[in-house]
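K.L.:
Please see the structure below; I have some questions.
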2 protein chains.
Amino acid sequence: MSLKAISSKDAAALDKDLMEVGGWSLDQLMELAGLSVAQAVWKVHPLSAGKNILVVCGPGNNGGDGLVAARHLAHFGYKPSVYYPKQGKNELYQRLRIQLENLSVQFITDFPTALQGTDFLVDSIFGFSFGGPLRDPFGEIVSQIESANVPVLSVDAPSSWDIQSGPPKEGPGARFMPSSLISLTAPKPCVQFYKGRHFIGGRFLTKGIADRYGLDLPAYEGVEQVLEVGVDAEGKL
Amino acid sequence: MSLKAISSKDAAALDKDLMEVGGWSLDQLMELAGLSVAQAVWKVHPLSAGKNILVVCGPGNNGGDGLVAARHLAHFGYKPSVYYPKQGKNELYQRLRIQLENLSVQFITDFPTALQGTDFLVDSIFGFSFGGPLRDPFGEIVSQIESANVPVLSVDAPSSWDIQSGPPKEGPGARFMPSSLISLTAPKPCVQFYKGRHFIGGRFLTKGIADRYGLDLPAYEGVEQVLEVGVDAEGKL
């Protein structure tokens, strides 16, 4: 299956369209995005592979998607914990945190120890709006993740990667290749440098919006909120 | 499986708790409730049984759940249409309507004709806050639904039924027995008068809230947002 990529600029415009003329709230979009992330975890890392999931959240909407995913993972029977070193100011993030605390999800502070003890990691640090470079403490965090022997699902893009040109030439993230990636709404151009299982999520795209941005409508199956997409023989999505 | 029922008063207090102290927005709760309704339709009426689904929406949150369900049904491959004779004022309902219009979902006005042409009907007219009696035009609508030979999924409660004491003794709804029912969060007391397939949805209940209201946590499976629950030998849930 081939899916066209969307640039960082167009992805931002698309989100704005959805909210300003499409009738969507950020709460709704994030709910469906986060649910698709949790369903991707279920596919690549079933409960039998270990229930401890460490969700690393950045300060923006990618981190918010991770918070929603952590909630659904808790409902699915996992034991998620969250590392959220720079909590964003949006009141939605605060509410998502309360929801998690009411499910007894731990917000950890000792990242190296949590990383050693987890079965799986969700990288929801940065998404399509990442413009680099990595600021503290995220450079150190990405270095630790890429050195750890833990399977990783990155949300929207591997954190530290340039959305257009992929992995940095050197420094944190230069060797970062998550075992799984979930692109939200549409793949980002950097996905051409990615090798691993690739999913698409965010089942809210309409034909009108897809046409406006030259995107494909993913062929989701049944009631699934996530779809695994492959890479073709030429390495293109 | 046995699930305790929640009174109308407690269901209202529970919703208030979720939003005032639980960190939830109505957008989030309605998104998950509506998604569970759409998943229940998928279980009782797969695409192969006919794609035309008529979603009848009341003026309040039950109608809002129906609007969200209609959107997910469109994404699942159905051809939903919506009958929404008294649109509520909440801006969320207006946004949900815009989302549906962007998916080319029809808002119909000729209910009798639509009822004749549909394969399935979702009754999201009234839920746990219904206090009766049925006001125009809903008495006539319920009469037409109960006379039609169309399978129906009722959302939260069969519309016209008293939440505590069940079907009215006479008039519209006295003979109304939908083929399926989805209770949101927890069954309502009137479910004891119900015969048919019964589902529970709204996978956001925490143990803390369940304990506070003396409810059971439904044992949802996998990533499902809906669970079919049975009736025991004594007719109790």
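The values are calculated or read from the model by the stated rules, or taken from the named source; none is laboratory data. Quantities reported herein were computed from a predicted structural model and do not represent experimental measurements. All Cβ positions, even for glycine, are placed from backbone atoms using ideal geometry, and neighbour counts span all protein chains on display. Surface areas here come from the heavy atoms of the whole protein model, side chains and all, with no ligands, DNA or RNA. Shrake-Rupley method; radii C 1.70, N 1.55, O 1.52, S 1.80 Å.
K.L.:
Take the conditions over 11 Å from the mean Cα position of the chain (by Cα), at pLDDT 95 or above and of a type in the set (Val, Ile, Thr) and apply them to B:Ile125. Does it pass? Let's see the steps before the verdict.
P.N.:
On the way: over 11 Å from the mean Cα position of the chain (by Cα): no; at pLDDT 95 or above: yes; of a type in the set (Val, Ile, Thr): yes.
Taking the combined requirement at face value, the residue does not satisfy it.
K.L.:
Let me confirm something: among A:Asn90, A:Asn62, which residue is among the polar types (S, T, N, Q) and closer than 16 Å to A:Gly201 by Cα? Reasoning before the result, please.
P.N.:
Values: A:Asn90 fails: closer than 16 Å to A:Gly201 by Cα.
Exactly one residue qualifies, and that residue is A:Asn62.
K.L.:
Could you list all residues from the stretch B:62-75 that are open to solvent by less than 10 Å² (accessible area, probe 1.4 Å) and at the interface with chain A (Cβ under 9 Å from one of its Cβ atoms)? Steps first, please.
P.N.:
So in the stretch B:62-75, the residues open to solvent by less than 10 Å² (accessible area, probe 1.4 Å) come out as B:63-64, B:66-73.
The answer is B:Val68, B:Arg71, B:His72.
K.L.:
Please enumerate the residues belonging to the stretch A:38-60 that are in a loop (DSSP other than H, G, I, E, B) and within 20 Å of B:Gly22 (Cβ to Cβ). Explain how you work it out, then say what you get.
P.N.:
Filtering the stretch A:38-60 for residues in a loop (DSSP other than H, G, I, E, B) gives A:45-46, A:50-51, A:58-60.
Listed by number, the list is empty, since nothing qualifies.
K.L.:
Give the stretch A:205-226 a look and list any residue that's within 11 Å of chain B (Cβ to nearest Cβ), part of a loop (DSSP other than H, G, I, E, B) and in contact with a helix residue (DSSP H, G or I) (Cβ under 9 Å, 6 or more places away or on another chain), or say none.
P.N.:
Result: A:Leu205, A:Thr206, A:Leu217, A:Tyr220, A:Gly222, A:Val223, A:Glu224, A:Gln225.
K.L.:
Name the residue that is least open to solvent (accessible area, probe 1.4 Å), counting only residues in the stretch A:5-61 that are away from chain B (no Cβ under 13 Å), closer than 24 Å to A:Lys86 by Cα and among the polar types (S, T, N, Q).
P.N.:
A:Ser8
K.L.:
Just checking, does the stretch A:81-100 include any residue being farther than 24 Å from B:Leu100 by Cβ, within 14 Å of another protein chain (Cβ to nearest Cβ) and among the acidic types (Asp, Glu)?
P.N.:
Yes.
K.L.:
Right, another one. Keeping to the stretch B:61-91, report how many residues are assigned to a loop (DSSP other than H, G, I, E, B) and of a type in the set (D, E, K, R). Reasoning before the result, please.
P.N.:
If we filter the stretch B:61-91 for residues that are assigned to a loop (DSSP other than H, G, I, E, B), which is where we start, we get B:77-78, B:84-90.
Among the residues that remain, those that are also of a type in the set (D, E, K, R) are: B:86, B:89.
So the answer is 2.
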